[in-house]
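The values are calculated or read from the model by the stated rules, or taken from the named source; none is laboratory data. Worth saying up front: this structure is predicted, and the values here are computed from it rather than measured. FYI the Cβ positions are ideal-geometry reconstructions off the backbone, even for glycines, and counts take in every protein chain you see.
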Amino acid sequence: MELLVQTLVNGLVLGAGYAIIAVGLTLIFGIVGIANFAHGAFFAMGGYACYLLTVRGVNYFVAVPISVLIVVVIGLVTELIIIRRSLYGESHHGSLIVTFALGQAVIAALILIFGPDPLPVASPLGQSTLRLLGIFVTAQRVFILACSILVLGVLGLWLGLSVKGQQVVAVAQNPRGALYSGINVPWIRTLAFVLGVAAAGLAGALLGPISTIYPTMGYGALIVGFTVVILGGMGSIPGAMFGALLMGVANALFETFVSVSWTPALGWVLVIATLLFRPQGLLGRAQLHRH
Amino acid sequence: MKMTRLLGTIVSTMLVLACAGPAPAADTVRIGLAVPLTGAAATYGQDMQRGADFAAELINARGGILGGRKIENVYEDDKGSPQGGVAAVQKLISVGRVKVITGGTNSSVVLAESSVTKGRILHVNAAAQADAITEQGNPWLFQINNTVSLNSRAFNAYIVGVLKPKTVAYMGENTEFNKTVLENLKESLKAANIELVNVSIYDSETNDFTSILTKIKASNPDLLYVSDAYPSRAAQLWKQVRQLGGFRTEAMSPGVITPGMLKPAEGAMDGIYTGEIFMASDPGPEGKDFIESYQKKFNVQPGKGELVIFEAINLIAAAMDKAGTDSDYDKISKVLREGAWQTPRGQLKFDEKGRAHAPYFYIQRVKDGKLVQVERTKAN
Amino acid sequence: MWEKGSRRVVREVMYLAAAVVVIMAFGLVFSDPFVVTLAGYTCAFALFALSVNIILGGIGEVPLGQCLFFGIGSYGAAIGIGKLGLSFEIALLGALVISVIGAAVIGAITLRLTGAYFSIVSWGLTGVAMVAATNLEPITGGPLGLFGFPQITLGPLQLGNQQTYFFVTATTLLVSILFLVAVRRSPFGAAMESVRQNQHLAQSVGVDVTRVRLKAFMLSAPFAALAGALTVPYAQIVTPEVFSVGNTVDSLLMVLLGGSQLIVGPVIGAAIFTLIPQVLDLDPNVRILVFSAIIILIMMFAPGGLHQLGVRLRERLGRARDVDPTR
């Protein structure tokens, strides 16, 4: 019984990490309308930015927001220069290829700058473990859980209550209508993109101390992000959270009680099942075609 | 006009390839090294480059071989894939005009390469460890590093005989290397009546081991045995082990711990037992010279990667010299098999499958982020 | 620009003849095994790029999972000759059949989705395939892979011989190109093009979009599988890495470099892609960086690839010669 509870807790904190990545992806997917295959690259950049700061002695808790800011700047530049041009370009699959190529380029650049070896990110919570009621949880993961709840909560509130937030929702639901009502659609899209990749960068900075950072760390984040987003529903933030928790717990349960070697296939099986029986995801809108 | 462009591309291709490769100086004996210069194993490739260049330098300083001819290393990137290895070896043979192929860290890659070198050229596999490579029965194929089984047997003897755990849990990445490690472990444990309470095999993308470790903890083993050769993942793994409280005794598959793994682990690997064919910090009398001169030149101690390629180059050169030829591979192979060779590891001999046997095996333990020798056992 | 039918036929027969001559010349002039086998391998990989372009340039989706069929081809051939003792021809045929069936099943499930969904799911399936190949050791040889094959022959042709290997792969490539040109000119090809340009419009004029997409997918699979099988004689080993998305990425780069609207575009891209590293001897990470940057630039400024750039350039040059006072 204790093993089951521990496993569920493991799944929960695992899902919290996934949620931050996924919410960024779903924002971009839902509002900008592109599948951001460079999401993993921004995740990695967040981790590396955090490393650069902490290795120079910056306190971890200060390094995290600065890393996010760095990723925001890079994201802004990327969106303005590259994404816009290819998004409104000729071929409708342009954004997919561009973001994919961008991701590859970033990985190659990281290898050239930092080398292929993994690097540690120091966090004061790194080595300590909390023990509550016989359940082990590492302090860093509790921190991630807290951040996750905070980020998702703030984002949800902002989207629902603030003017800009509601504009973002409007653009997601009906870009043309939003344009006609005077909303600056291109800038809203930029905002959404930047927010989305900022979330990825945050996740990278948070997960760095747990897993060390290395150039291809983005691949895992990318796959997780997409599977969670499809599961939870494209463009839905509660869906991202829900999907993330579901994935986290499912992975933990499967890995502990069924089979370790086949666990990587689990996510995809869930995705295929979702697409077969409920294509819009658990909490998504029933709308599949994107233009 | 599309055809014109296509033709143009083809003609220029042909011109370029026809002019590929400079004519080698007639005097040098060229040694081809297919190593990973890119990809996950790139650090091993770089280590090999250093070790090989160092060996060539020393040999040439002593006057070269075969009547004063210098040896020259030619490198090609195997890209860590079998196809890359095949292309690298083909290029080394055709364009590089080398007399022997060496290098090799990844077993699948070396297997692919061996199908190209078979019956064509001498192939000295420096580091790849799969037993299958030398099981093929190629008379011109030799292996310097211990096979997985040789390493495992030596290390398991220590576990069973000295550490004596009552129960053992195993976790490892899903690779051929680790599968062989597991099989050997199972055999050794069974023979000693030690119970293997848990086997967890994960894939290469895994970087979160909490579930696995939780499950293992629940079965409460005396010893945790981890088999993973990939530095970043191993470092993460051990950090997570530490965060969950660790285990009474911890061991890691022999031959995989490198500074590149210990550094990012930041102390999380302290206390782990492992084994290796060679130790820079306590090499025995035969190794002292090698360590000192290497350290003097590069300001860092040589690891196993540098060692095996150093030995490979030296053995190739010495065997060619003794056989009096750089291309009669039957003769060179015979010389290699019949000889007893002085290397930094002591006296090396080859068996009929082409595998090198060194006199010693080292049991090590990690202390303060460094490998420390526990015992020097006699290998067979 | 319309040429008279018979003049076009003559021109195309000349292209064909030229291609045959080039292939023969290449194979006979170059005896260096490195060059010849690399050319052979490049031809096989170009075939894979062709299959990717059936989807990309054909119906306008990005088939990130195309290496699934490539892997089926490689493993099918390897298991056939290695484990089941079949001849290479039969193993190859079996692999082709399996790939088509697989494409039918997968296509039925995933082609209902457009854009990113299809790409992501097809990518995910290759991930599952890689895990399966690594775990199912008795069938696939596990992580070390399948190796130690007997002599691979195609009919009377010894694929172990370098020149024969090159001739076989080059001829297969040429025949495939001819076949695909024929497809493109058929009504099916026109249907594919209409789907690519605007699905809804195509649907509204009576094109059964779902069926066209499925048929295109099923058409692309055997080419990918054939390519996969033809790479087996080169490395003499098949590992789970054959399902790695890196192969598809490389092929996408080839297609985009050469131009997705040109049937031979992928072949040009394959030639450039394989050639440049040999000539320039770049650090591979620099190569990836440069190629990715090129792709980004292409997608930003010329999504039709180098071919489109070439067309635009020609137009510009043509225009410059016009004496047109109104411009």
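The set of residues in region A:64-82 that are touching a residue at least 12 places away in the same chain (Cβ under 8 Å) and either under 23 Å from A:Pro209 (Cα atoms) or crowded, with 21+ Cβ neighbours inside 10 Å (or both) comprises A:Val64, A:Ile66, A:Ser67, A:Val68, A:Ile70, A:Val71, A:Val72, A:Ile74, A:Gly75, A:Thr78, A:Glu79.
Of the strands (runs of 3 or more DSSP E) lying entirely inside region B:305-372, those carrying at least 1 residues that are basic (Lys, Arg) and more than 21 Å from B:Glu286 (Cα to Cα) are B:360-367. Could you go through region A:38-54 and let me know if any residue there is more than 25 Å from B:Leu213 (Cβ to Cβ), free of Cβ contacts under 8 Å to residues at least 40 places away in the same chain and more than 14 Å from chain C (Cβ to nearest Cβ). The answer is yes; a qualifying residue exists. So, restricting to strands (runs of 3 or more DSSP E) that lie completely within region B:75-192, which ones have at least 3 residues that are under 19 Å from the mean Cα position of the chain (by Cα) and of a type outside the set (Ser, Thr, Tyr)? Here the list reads B:100-103, B:122-125, B:141-143. Screening the candidates C:Ala103, C:Ala133 for the property of being buried (at least 19 other Cβ atoms within 10 Å of the Cβ), under 30 Å from A:Val229 (Cβ atoms) and away from every other protein chain (no Cβ under 12 Å) yields one hit, C:Ala103. When region B:99-117 is filtered for residues that are of a type in the set (Ser, Thr, Tyr) and in contact with a Pro (Cβ under 7 Å, 6 or more places away or on another chain), the ones remaining, listed by number, are B:Thr105, B:Ser108. The residues in region B:41-76 that are closer than 27 Å to C:Gly40 by Cα and surrounded by fewer than 23 Cβ atoms within 10 Å (Cβ to Cβ) can be counted, and the count is 2. Considering region A:97-126, the residues that are part of a helix (DSSP H, G or I) and of a type outside the set (A, V, I, L, M) include one that is nearest to the other protein chains (Cβ to nearest Cβ), namely A:Gln104.
As for region A:71-90, it holds no residue that is within 26 Å of C:Asn247 (Cβ to Cβ), part of a loop (DSSP other than H, G, I, E, B) and modelled with pLDDT under 90. Filtering B:Ser219, B:Ser281, B:Ser293 for residues that are touching a strand residue (DSSP E or B) at 6+ places or on another chain (Cβ under 9 Å), surrounded by fewer than 22 Cβ atoms within 10 Å (Cβ to Cβ) and away from chain A (no Cβ under 14 Å) leaves a single hit, B:Ser281.
When we screen A:Leu152, A:Leu191 for residues that are surrounded by 12 or more Cβ atoms within 10 Å (Cβ to Cβ) and closer than 19 Å to A:Thr99 by Cβ, the only hit is A:Leu191.
Among the residues of region C:195-208, write down those that are assigned to a helix (DSSP H, G or I) and surrounded by fewer than 18 Cβ atoms within 10 Å (Cβ to Cβ).
Scanning region C:195-208 gives C:Gln197, C:His200, C:Leu201, C:Gln203, C:Ser204.
Only one of the numbered conditions (1) crowded, with 17+ Cβ neighbours inside 10 Å; (2) touching a helix residue (DSSP H, G or I) at 6+ places or on another chain (Cβ under 7 Å) is violated by B:Ala356, and that is (2). Taking (1) assigned to a loop (DSSP other than H, G, I, E, B); (2) more than 9 Å from chain A (Cβ to nearest Cβ) in turn, B:Gly245 satisfies each apart from (2).
Every test in (1) within 10 Å of chain A (Cβ to nearest Cβ); (2) assigned to a helix (DSSP H, G or I) is passed by B:Asn207 save one, and that test is (2). Scanning region B:190-222 for residues that are touching a residue at least 12 places away in the same chain (Cβ under 8 Å), over 30 Å from A:Leu222 (Cβ atoms) and not aliphatic (A, V, I, L, M) turns up B:Glu195, B:Asn198, B:Lys217, B:Ser219, B:Asn220, B:Pro221, B:Asp222. For the criterion of being of a type in the set (Ser, Thr, Tyr), over 30 Å from C:Leu257 (Cα atoms), modelled with pLDDT under 80 and in contact with a Ser or Thr (Cβ under 9 Å, 6 or more places away or on another chain), A:Ser128 passes.
Sub-6 Å Cβ pairs linking a first residue in region B:84-96 that is more than 7 Å from every other protein chain (Cβ to nearest Cβ) to a second residue that is crowded, with 24+ Cβ neighbours inside 10 Å and of a type in the set (A, V, I, L, M), at least 6 apart or interchain, are B:Gly85/B:Ala34; B:Gly85/B:Val109; B:Gly85/B:Ala112; B:Ala88/B:Ala34; B:Val89/B:Ala34; B:Val89/B:Ile101; B:Val89/B:Val116; B:Leu92/B:Val98, ordered by first then second residue.
For first residues located in region A:187-215 and more than 14 Å from chain B (Cβ to nearest Cβ), partners that are of a type in the set (Phe, Trp, Tyr) and buried (at least 24 other Cβ atoms within 10 Å of the Cβ) and lie 6+ apart or on another chain with Cβ distances below 7 Å form the pairs A:Val197/A:Phe42; A:Ala200/A:Phe42; A:Ala200/A:Phe43; A:Gly201/A:Phe42; A:Gly201/A:Phe43. Of all residues in region B:141-155, those that are crowded, with 24+ Cβ neighbours inside 10 Å and not hydrophobic (A, V, I, L, M, F, W, C) total 5. In the set (1) surrounded by fewer than 20 Cβ atoms within 10 Å (Cβ to Cβ); (2) among the small types (Gly, Ala, Ser); (3) within 14 Å of chain B (Cβ to nearest Cβ), C:Ala170 fails one condition alone, (1). Considering C:Phe69, C:Phe88, C:Phe30, the condition of being within 14 Å of another protein chain (Cβ to nearest Cβ) and touching a helix residue (DSSP H, G or I) at 6+ places or on another chain (Cβ under 7 Å) is satisfied by C:Phe30 alone. Has region A:253-262 got any residue that is within 10 Å of another protein chain (Cβ to nearest Cβ), within 28 Å of A:Ile107 (Cα to Cα), out of contact with any His (no Cβ under 8 Å at 6 or more places or on another chain) and in contact (Cβ under 8 Å) with a residue 40 or more places away in the chain? No, because not a single residue in region A:253-262 is within 10 Å of another protein chain (Cβ to nearest Cβ), within 28 Å of A:Ile107 (Cα to Cα), out of contact with any His (no Cβ under 8 Å at 6 or more places or on another chain) and in contact (Cβ under 8 Å) with a residue 40 or more places away in the chain.
Name the residues in region C:46-60 that are assigned to a helix (DSSP H, G or I) and at the interface with another protein chain (Cβ under 9 Å from one of its Cβ atoms), would you?
Result: C:Leu56, single match.
The condition of being under 18 Å from B:Leu37 (Cβ atoms), in contact with a strand residue (DSSP E or B) (Cβ under 7 Å, 6 or more places away or on another chain) and of a type in the set (A, V, I, L, M, F, W, C) holds for only one of B:Val124, B:Val89, that being B:Val89. Give the residues of region A:1-51 that are in contact with a Ser or Thr (Cβ under 6 Å, 6 or more places away or on another chain), at pLDDT 90 or above and among the β-branched types (Val, Ile, Thr), sorted by residue number. Listed by number, the list holds a single entry, A:Ile20.
I'd like the full set of residues that are more than 10 Å from chain B (Cβ to nearest Cβ) and in contact (Cβ under 8 Å) with a residue 12 or more places away in the chain, limited to region C:259-283. Across region C:259-283, the qualifying residues are C:Ser260, C:Gln261, C:Pro266, C:Gly269, C:Ala270, C:Phe273.
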